[in-house]
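Working notes, beginning with the structure itself.
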Amino acid sequence: MARRRAIAVAAPARIPSEVVWRLVRAAFILAAALAIVLGGVGAFLTYRVVTTVNDTETVTPESSLQSNYITLSFTDRRGGEHDGWLLLGLKGAPAIILCHGYNSNRSELLALGSFLSKSNFNVYLFNSRGPKAEQGYSDLGIREAEDLLAAIAMVTRHPRVNPHRVGLFGTTSGGYAALVAAEQSPLVKALVADTIYEDPSQMLEAQVDDLLGGTSRFFRMVPRAGFHLLTLGRARPPVRANLSKLENMPKLFINSRDWPLLAAATEDLYALAPPPKRMLVLEHTYTTLASGAMKKQYEQEVVDFFRDKLPLRAD
């Protein structure tokens with residue numbers, strides 16, 4: 001009988017250890033290069049967001065032919081000086097403090113301030129940043145809130161202003177500062193907050209999306225980590241936990257669609273805030289609205305709110 005031949009099975013070729021090492025080393029180098037690139041892009045985006053500042057004042061009370069105002073500055077707790085205008089209303093009337101938003105300045109709120117001043121309120125506008133404010137970068141609202149509290153203390157000492165009642169208006173980073181200050185100061189009796197957020201990191205992510213031209217959760221991670229390092233040691237106010245302190249304070253939330261991420265954050269805060277409250281939904285924040293009917297309507301809504309919720313009577 002013929003013997004069956006065993007079928008020969010070829011053993012798999014062994015990859016030389018030197019080749020494996022080269023592959024591992026190449027993968028490591030690629031990962032390191034990718035991390036460096038992503039870190040560089042993230043650092044650049046973070047730098048762009050926190051150092052962007054618009055200090056060009058396109059209009060002043062003088063250039064707009066307003067004579068019923070005074071220049072009034074204050075010093076923050078770090079020793080920085082902030083320039084401000086006090087538009088004079090009725091003597092003894094409350095002051096409404098207008099807080100400009102991200103990449104903006106006091107001049108962009110002057111039209112709204114003039115409208116409120118004509119309604120007999122005293123109106124204060126100041127720059128949260130500038131050459132005298134000694135702030136090298138923005139933490140997107142934390143310092144602004146501290147500065148706003150200093151502004152409230154200064155304005156309510158002025159002899160023309162009611163020392164017991166203040167109204168606040170703010171948009172984006174200024175709106176965040178106004179919300180934080182309203183939670184901390186018993187002098188605040190009415191609040192208008194336009195396109196706000198609970199945590200400054202949300203503002204950072206919204207600006208990163210804006211710079212990239214679209215939503216990118218992947219590219220948000222590195223800038224967010226860099227921002228946390230940059231603001232390490234700065235206590236972030238517990239906005240959500242302190243919302244209960246706004247009970248019985250009239251609040252107007254304005255939700256614009258300029259930044260979807262902030263629109264969602266504004267909706268969340270509105271839902272959690274105690275009454276009385278109202279939500280106004282618009283396409284744009286105040287500082288991005290062009291002059292025209294929409295801007296006039298916005299201003300009228302704000303003026304009507306303060307007329308109704310912050311009476312001019314002296315206490």
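Could you check how many residues of the stretch 66-80 are surrounded by 14 or more Cβ atoms within 10 Å (Cβ to Cβ) and either part of a strand (DSSP E or B) or among the basic types (K, R) (or both)?
The first filter runs over the stretch 66-80 and keeps only residues surrounded by 14 or more Cβ atoms within 10 Å (Cβ to Cβ), leaving 66, 69, 72-76, 80.
Pick out the ones that are also either part of a strand (DSSP E or B) or among the basic types (K, R) (or both) and you get 69, 74-75.
Residues that pass the stated criteria total 3.
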**Request:** Quick one: which residue in E301, E247, E267 is closer than 18 Å to F169 by Cα, of a type outside the set (A, V, I, L, M) and loosely packed, with under 14 Cβ neighbours inside 10 Å?
**Result:** E247
**Request:** May I ask you to verify whether A151 is crowded, with 20+ Cβ neighbours inside 10 Å and part of a helix (DSSP H, G or I)?
**Result:** yes
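Consider A193 carefully, then state whether it is part of a helix (DSSP H, G or I) and either modelled with pLDDT of 95 or more or in contact with an Asp or Glu (Cβ under 7 Å, 6 or more places away or on another chain) (or both). Quick ask: steps written out before the conclusion?
Details: part of a helix (DSSP H, G or I): no; either modelled with pLDDT of 95 or more or in contact with an Asp or Glu (Cβ under 7 Å, 6 or more places away or on another chain) (or both): yes.
Considered against the rule, which asks whether it is part of a helix (DSSP H, G or I) and either modelled with pLDDT of 95 or more or in contact with an Asp or Glu (Cβ under 7 Å, 6 or more places away or on another chain) (or both), A193 comes out as no.
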**Request:** Count, please, the residues in the stretch 221-245 that happen to be at pLDDT 80 or above and among the small types (G, A, S).
**Result:** 3
**Asked** What are the residue pairs meeting all of these: first residue in the stretch 231-246, first residue closer than 29 Å to A43 by Cβ, second residue of a type in the set (A, V, I, L, M) and assigned to a loop (DSSP other than H, G, I, E, B), Cβ atoms under 9 Å, and 6 or more apart or on different chains?
**Response** T231/L140; V239/I196
**Prompt:** Is there any pair with a first residue in the stretch 255-281 that is more than 21 Å from Q207 (Cα to Cα) and a second that is among the polar types (S, T, N, Q) and outside any helix (DSSP H, G or I) whose Cβ atoms are under 8 Å apart and which are 6 or more apart or on different chains, and what are they?
**Reply:** Y270/N255; P274/N248; P276/N248; M279/N255; L280/N255
**Hits in the stretch 230-244 (condition: crowded, with 18+ Cβ neighbours inside 10 Å, not aliphatic (A, V, I, L, M) and not in a loop (DSSP other than H, G, I, E, B))** = none
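The values are calculated or read from the model by the stated rules, or taken from the named source; none is laboratory data. Quick caveat, the model's predicted, so the values are computed rather than measured. Methodologically, a virtual Cβ is constructed for each residue, glycine included, from the backbone with ideal geometry; neighbour enumeration extends over all protein chains shown.
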